[in-house]
Every structure is written in C-alpha cells, then in structure tokens.
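Report on the following structure.
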Amino acid sequence: MTKDEAFREALRRWHQLPEEERQTITHAQVFAAGLAEQLDFRTMGNERKVIEAWLVRDLAQTRQAAE
C-alpha cells in the first residue's frame, strides 16, 4: 500500500466512526495506534505517529469548518 492509499484508507475508517468517537486528540491517538497495526505502508517516520498526524489534522479542519 502506498502512503497516499494509507492516508485515504485511514481517513475513510476515521470518518466511519460515530462523531462522538472522533472528537479529541486522544480519540485520534487511540485510533491511530490500532490502524498502524492494520495499514502497511512505507514511511520514514513511525507509522502510528504519521497516521495520528493525519487524524489530528482532519480533526482540526473539521472543528474549523464547524466554527
């Protein structure tokens, strides 16, 4: 799986969660830890931290759009 494919899949799975389960950075951290075990992609960094960054960025964008 490419990094771009992993990004799309991570966000797809993240958005499938009920909204109340994707409200905080802690939610993103926990979800990223689980996804890192499931998504196999190449990255120079730690897969969990890369996924976490994607989810936190999405969380911030969602919050900003709601304001």
- Enumeration of residues in region 1-17 that are in a loop (DSSP other than H, G, I, E, B) and over 12 Å from the mean Cα position of the chain (by Cα): M1, T2
- Item | Selection from region 1-20 of residues that are at pLDDT 95 or above and among the aliphatic types (A, V, I, L, M) | A6, A10, L11, L17
- Message: So for region 6-17 (the condition being touching a Ser or Thr at 6+ places or on another chain (Cβ under 9 Å) and either closer than 28 Å to A66 by Cβ or of a type in the set (D, E) (or both)), does at least one residue qualify?
- Response: yes
- Message: Among the residues of region 48-59, are any at pLDDT 90 or above, assigned to a loop (DSSP other than H, G, I, E, B) and either touching a Ser or Thr at 6+ places or on another chain (Cβ under 9 Å) or closer than 15 Å to T2 by Cβ (or both)?
- Response: no
- Message: Scan region 18-38 and tell me whether some residue there is part of a helix (DSSP H, G or I), among the basic types (K, R) and touching a Leu at 6+ places or on another chain (Cβ under 8 Å).
- Response: no
- Query: Being crowded, with 17+ Cβ neighbours inside 10 Å and either of a type in the set (V, I, T) or out of contact with any helix residue (DSSP H, G or I) (no Cβ under 7 Å at 6 or more places or on another chain) (or both), is that true of even one residue in region 15-37?
  - Reply: no
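The values are calculated or read from the model by the stated rules, or taken from the named source; none is laboratory data. A quick note: this is a predicted structure, and the numbers were derived from the prediction, not measured. A quick note on method: Cβ atoms are made from the backbone with ideal geometry, for glycine too, and the neighbour counts reach across all protein chains shown.
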